[in-house]
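The values are calculated or read from the model by the stated rules, or taken from the named source; none is laboratory data. As the structure is a prediction and not an experimental result, all values here were calculated from the model. Here Cβ is always computed from backbone atoms with ideal geometry, including for glycine, and neighbour counts include all displayed protein chains. When the accessible area is computed, the model is the full protein with side chains, heavy atoms only, and any ligands, DNA or RNA have been set aside. Shrake-Rupley method; radii C 1.70, N 1.55, O 1.52, S 1.80 Å.
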Amino acid sequence: MMLDVQELSVAFTDRQEPFTAVDKFSLQMDRGEIVGIVGESGSGKSMTAHALMGLIPRSRAAVTGRALFEGVDLLPLPREALRQYQGRDLSIIFQEPMTSLNPTMRIGKQVEEALFIHGKLSPGERKAKALAAMELAGLPDPEGLYRQYPHQLSGGMRQRVMIAAALVLRPRLLIADEPTTALDVTIQAQILDTLKDINRQEGTAILFISHDLGVVKALCSRVVVMKQGRIVETGPAEQVFHHPREDYTKLLIASRPSRKKLRGGGEHE
Amino acid sequence: MSEPIVHIARLNSWYGRGKGRKQVLRDVSLKLAPGEVLGVVGESGSGKSTLAKCVLGMVTDITGTLEVNSPRPQMVFQDPYGSLNPAKTVGWILEEPLRTAGVKDKGERRQRVRDFLPLVGLEEEHLARRPAQLSGGQRQRVAIAAALIQGSRLIVLDEPVSALDVTLQAQILRLLADLKEELGLSYLFISHDLAVVYQLCDRVAVMTGGEIVEEGDVDEIYDHPRHAYTKKLLAASLALD
């Protein structure tokens with residue numbers, strides 16, 4: 001087993017009323033698997049992803065439980081030790097690439113950034129790895145883009161740059177936090193295809209966080225449904241979407257816009 | 001077909017001036033009949049929001065025909081948090097359209113606001129709250145009420161549910177469908193979301209690059225898209241399977 005999360009909880013202590021954002025979240029993931037976490041605002045899905053990446057400041061919240069990555073519990077690791085895992089073993093991409101990319105830094109340098117932290121490579125070696133990652137992320141003409149700045153790229157291309165930067169060290173787990181939510185639907189479809197290709201070619205496991213059931217259904221083999229910090233239901237995607245057991249999952253699926261006409265006063269198929 | 005409530009023919013529009021003047025709409029033609037819901041779908045930069053602004057008279061650099069046969073057409077925006085005055089109470093926000101419409105009597109304004117609340121699923125207790133004290137769904141109900149309270153029959157909805165969680169989205173779409181029947185409204189429904197458009201609209205116009213590439217009955221367009229762009233958009237829409 002690659003990832004074994006046991007009763008992960010995130011409790012914010014920096015406010016008047018202590019607030020549990022994630023309550024006893026457990027999940028096991030094998031290498032090469034694509035698992036989706038789906039939920040609405042406040043479900044704790046993003047907080048779970050942030051906790052796994054060590055992105056929650058310890059001064060603000062207590063993160064408890066265990067998150068074993070290849071047998072090593074990431075949660076108690078000091079910052080420096082955790083940095084050895086971030087990027088190399090597990091990586092994260094976010095919804096809004098424009099705020100995650102540095103606007104004053106050329107694309108190539110940003111893709112290479114993780115290579116400075118992990119190992120000593122020559123500039124030539126770094127560039128070769130960056131170009132390969134950009135190619136993997138489906139960026140056309142990596143050599144030309146290498147010297148460009150984020151503002152010169154479209155939203156979809158920026159997200160591909162983020163994917164390239166996250167993959168430059170070929171991590172075994174990619175955490176994707178609403179990576180296509182800010183994108184147009186045709187661009188979204190292309191990015192999802194790219195993530196599937198990466199999963200097939202490289203065997204990269206993907207933990208995909210989304211509010212969008214359609215996207216999760218298209219990509220993931222297993223699904224975790226969250227609500228208000230807790231897991232409501234979990235199982236194979238096929239089962240959860242077609243034979244949901246819990247009322248909340250049923251409500252989520254029924255709320256999803258479908259080819260069903262709404263008419264004032266009643267619903268008609 | 002009775003006289004259309006919106007009649008647009010060969011409409012062109014531009015933003016900017018001089019060298020920076022950029023054409024946004026290209027020869028756009030469409031009609032909206034009373035009581036009809038027309039969806040306008042497209043991606044970022046397609047011109048769909050500009051078209052909405054034209055209908056409301058907010059774009060002045062235009063050529064072509066633009067007839068709106070309904071007094072005071074109103075708009076509901078994607079983000080009610082941005083369109084509602086955060087410093088005012090819900091009661092004030094809902095009275096404001098009546099004030100601008102010339103209803104001078106305070107008692108009458110308040111009564112009309114109170115009478116309107118049940119239609120949009122709000123309670124009297126909400127009147128004293130400010131937008132920040134409401135949930136996202138309640139805020140959008142306030143925005144819808146503010147658009148309707150003057151008695152407008154033509155409502156332009158610009159991505160009205162795109163910022164909402166899926167369970168809230170379903171509630172607001174149902175509310176819009178009910179209000180349309182009860183009040184005899186016509187909607188111009190702007191959205192990037194084909195599934196949402198399908199649920200509410202009678203007809204749909206597909207926009208890309210400032211042009212309408214295809215327009216017709218929703219079932220016809222969704223089942224038998226003719227234009228390559230419509231096909232691409234439908235294929236990419238994951239919620240429709």
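Give me the aspartates and glutamates in straight-line cross-link reach of B:Lys232: C-alpha distance below 15 Å, same-chain residues under 8 apart excluded.
A:Asp184, A:Asp193, B:Glu43, B:Asp193, B:Glu214, B:Asp223, B:Asp241
Taking N as the number of residues in segment A:163-269, what is its alpha-carbon radius of gyration divided by 2.2 N^0.38 Å?
The value comes to 1.23.
Could you tell me how many cubic angstrom of Cα convex hull volume segment A:1-124 has per residue?
Working: hull volume 18.1 nm³, N = 124.
Dividing the Cα hull volume of segment A:1-124 by its residue count gives 146 Å³.
For B:Lys31, give me every one of the lysines with a C-alpha distance below 20 angstrom, ignoring sequence neighbours fewer than eight places off in its own chain.
Hits, sequence-local ones excluded: B:Lys48, B:Lys53, B:Lys180.
Just need the Rg to Rh number for segment A:157-206, please, alpha carbons only, Kirkwood Rh.
On the Cα set of segment A:157-206, Rg over Rh gives 0.94.
Any idea of the accessible area per residue across segment A:90-146, 1.4 Å probe, to the nearest Å²?
49 Å²
Connecting C-alpha atoms closer than 10 Å in a GNM of chain B, tell me which of B:Glu95, B:Glu211, B:Glu123 has the biggest fluctuation.
With Cα springs under 10 Å in chain B, the top fluctuation among B:Glu95, B:Glu211, B:Glu123 is at B:Glu123.
If you bin the C-alpha pair distances of chain A every 10 Å from 0, what whole percents do you get?
Per 10 Å bin, starting at zero, the Cα-Cα P(r) for chain A comes out as 7, 28, 34, 22, 8, 2, 0 percent.
Return one quarter of the surface area of the convex hull spanned by the alpha-carbon atoms of segment A:97-170, equal to its mean projected area, in nm².
4.3 nm²
For A:Lys129, list the aspartates and glutamates whose Cα falls under 20 Å from its own Cα; do not include residues on the same chain fewer than 8 positions away.
Here the aspartates and glutamates satisfying the reach criterion relative to A:Lys129 are A:Asp89, A:Glu112, A:Glu113, A:Asp141, A:Glu143, A:Asp197, A:Glu202.
Go ahead and set up a Gaussian network model of chain B, Cα springs under 10 Å, then flag whichever of B:Val206, B:Val142, B:Val166 fluctuates most.
Looking only at B:Val206, B:Val142, B:Val166, the biggest GNM fluctuation is shown by B:Val166.
Write down the Kirkwood hydrodynamic radius of segment B:112-211, to one decimal in angstroms, obtained as one divided by the mean of 1/r over all alpha carbon pairs.
On the way: mean 1/r = 0.0690 Å⁻¹.
In segment B:112-211 this quantity evaluates to 14.5 Å.
Quick one: net charge of B:Asp27's neighbours, Cβ under 11 Å, K/R +1, D/E -1?
Residues near B:Asp27 contribute +1 overall.
How large are Rg and Dmax for the protein assembly as shown when only the alpha carbon atoms are used, in Å?
25.0, 78
Which percent, to the nearest 5, of DSSP beta bridges fully inside the protein assembly as shown are antiparallel? Before the final figure, lay out the partial values.
Numbers: 45 of 81 bridges.
The answer is about 55 percent antiparallel.
How many nm separate the modelled label positions at A:Gln239 and B:Leu183, each set 7 Å beyond the Cα in the direction of the Cβ?
Calculated label separation equals 4.7 nm.
Using θ = phi - 60° and the Karplus curve 6.51 cos²θ - 1.76 cosθ + 1.60, what whole-Hz ³J(HN,Hα) does each residue of segment A:230-240 get, with Gly and Pro shown as x?
Couplings: 10, 6, 8, 7, 8, x, x, 3, 4, 5, 5 Hz.
Restricted to Cα positions, what overall size does chain B have along the principal axes? Three whole-Å values, descending.
The principal-axis extents, from largest down, are 54, 44, 38 Å.
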